[in-house]
Amino acid sequence: MTATATALTADDVHFDPNVPGNPAYHFTILPPGSPAQAGWTQRAGLVPDARPATQCVHAGVQPDPAYGAVMPPIYQSSTFAFRDVCTNAGFDYTRSGNPTRAALEDALTILEGGGGATCTSTGMSAILVALNLLPGASHVLCTVDCYGGTFRLLEHARVAYGLEVTYLDLADLDAVARAFRPNTRMVWIESPSNPLLRLTDIAAIATLARARGALTVVDNTFLSPLLQRPLDLGADLVVHSTTKYLNGHSDVVGGAVVAARGQVALAQRIASVNNLLGTSQAPHDCFLVLRGLKTLQVRMRAHEAGAQVVAACLAAHPAIRAVYYPGLASHPQHALARRQQRGFGAMLSFELVDGTRARVEHVLKTLRWFTLAESLGGVESLVAHPASMTHASMTPEARARAGITDSLIRLSIGIEEPDDLIADLARALGSLPPA
């Protein structure tokens, strides 16, 4: 049977009334920049009882006033026009402020329950902004097994600018109380810490610090605001490497500092310091992090579910000496994790029985689904050797004080099928060379 083509007539053509130029088109085109006439709904803010998943999708996002774009546009402009000598539309120069960055800052403020945020070019520049709040000759208390980059920056400030730093186990509240000096101005917390997943009682430390006139800063990168909100526990500032879980796709670097609700002056200071240091995040990078936030809730659920299963399997494996994961009931601070966190996260570390260099390298090189790389928080699983990678900037003595051994291996659990990750680890551990 042969099909016969029939020419269409004008009566057969459907005109879409929503397309300009068609006879039935009846919509009014407003000029760009006319939000008062446009009538797009502008949400004043998310109500406090919005669920986390709802906040992740809607935080910081409003219909764009120029054209009604649902997603914030990338304002890839270095400068903004003034209407007259003293009037602009809220932005003048992208280092000082940018609409795309402002949307991300609003989102992070909402998710952390804060009073204002500033977004930086990297996680390290976020740490730099926080440390630049300190007056000269200040003293800082810091988690003993902090991230290697944090240690490197603190040591640089100690040598170059006279910053005094004491590294200690912040879980020992008596030792922390004794460590305060008249010039102590900041307590730097990682909870869980990197890489040993030690926890700090944030509320207790914040109480000690506030009574002595010191700021409490919490690096919340490992958990994200979905699983822990340090500002609700009394912290003054939260720091993030947005490169990690907040973005979640290993395709951008960035950082953020969030000030507590009600601390207007502190929120203004972090924004001012970010501007004067020139460490502000670029608009396109902010756009990527905003995109990542939309799926933060579903990603974190998958990350944590996989980590729970992997940690339990490793803890039962005869080749493993120790597993560091607060989600295990055997973790010495499991009760604290249940009290101050909304979940246990997806970072864990472990040590091998007879963890010789050859056996450690065998695991690192044999794994199939874990990429040997620094960083964390992406959808793909990563494996790292802290002593030679993330914490290589620490002296051997500093690593020994922190408990970071050469046999320690750190995992960032992605969102792959957990059974595949377990089989991969079992294969690597089952073929270990003799000790």
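Residues to consider are Gly377, Gly306; find the one that is of a type outside the set (A, V, I, L, M, F, W, C), in a loop (DSSP other than H, G, I, E, B) and touching a helix residue (DSSP H, G or I) at 6+ places or on another chain (Cβ under 9 Å). Quick ask: steps written out before the conclusion?
Details: Gly306 fails: in a loop (DSSP other than H, G, I, E, B).
Residue meeting the stated conditions: Gly377.
What is the number of the single condition among (1) outside any helix (DSSP H, G or I); (2) small (Gly, Ala, Ser); (3) surrounded by fewer than 19 Cβ atoms within 10 Å (Cβ to Cβ) that Gly149 does not meet?
The single condition Gly149 does not satisfy is (1).
Are any residues in region 383-431 touching a residue at least 24 places away in the same chain (Cβ under 8 Å), within 16 Å of Arg321 (Cβ to Cβ) and of a type in the set (A, V, I, L, M, F, W, C), and if so, which ones?
Within region 383-431, Ile404, Leu408, Ile409, Leu411, Leu425, Ala428, Leu429 qualify.
Could you check region 166-215 and list, in sequence order, the residues that are without any contact (Cβ under 8 Å) to a residue 40 or more places away in the chain and basic (Lys, Arg)?
Residues satisfying the conditions are Arg178, Arg210, Arg212.
So is Leu133 assigned by TED's automatic domain parsing to the domain that holds Ala179, of a type in the set (A, V, I, L, M, F, W, C) and surrounded by 20 or more Cβ atoms within 10 Å (Cβ to Cβ) or not?
no
Out of the residues in region 109-144 meeting the condition of being of a type outside the set (A, V, I, L, M, F, W, C) and out of contact with any strand residue (DSSP E or B) (no Cβ under 8 Å at 6 or more places or on another chain), tell me which one is farthest from Ala402 (Cα to Cα).
Applying the filter and picking the extreme gives Gly113.
Can you tell me which residue within region 372-390, out of those that are surrounded by 20 or more Cβ atoms within 10 Å (Cβ to Cβ) and β-branched (Val, Ile, Thr), is nearest to Ala307 (Cα to Cα)? Steps first, answer last, please.
Residues of region 372-390 surrounded by 20 or more Cβ atoms within 10 Å (Cβ to Cβ): 376-378, 381-387, 390.
Within this subset, residues satisfying the condition of being β-branched (Val, Ile, Thr) are 383, 390.
Values: Val383: 13, Thr390: 20 Å.
My answer is Val383.
Take Ser412 and tell me if it is more than 22 Å from Gly248 (Cα to Cα) and either at pLDDT 95 or above or more than 21 Å from the chain's Cα centre (by Cα) (or both).
In short, no.
Examine region 87-101 for a residue that is buried (at least 18 other Cβ atoms within 10 Å of the Cβ), modelled with pLDDT of 55 or more, of a type in the set (D, E, K, R) and assigned to a helix (DSSP H, G or I), and state whether such a residue exists.
yes
The values are calculated or read from the model by the stated rules, or taken from the named source; none is laboratory data. Computed from a predicted model, the values in this text were never measured in an experiment. Cβ atoms come from the backbone with ideal geometry, glycine included; neighbour counts cover every protein chain shown.
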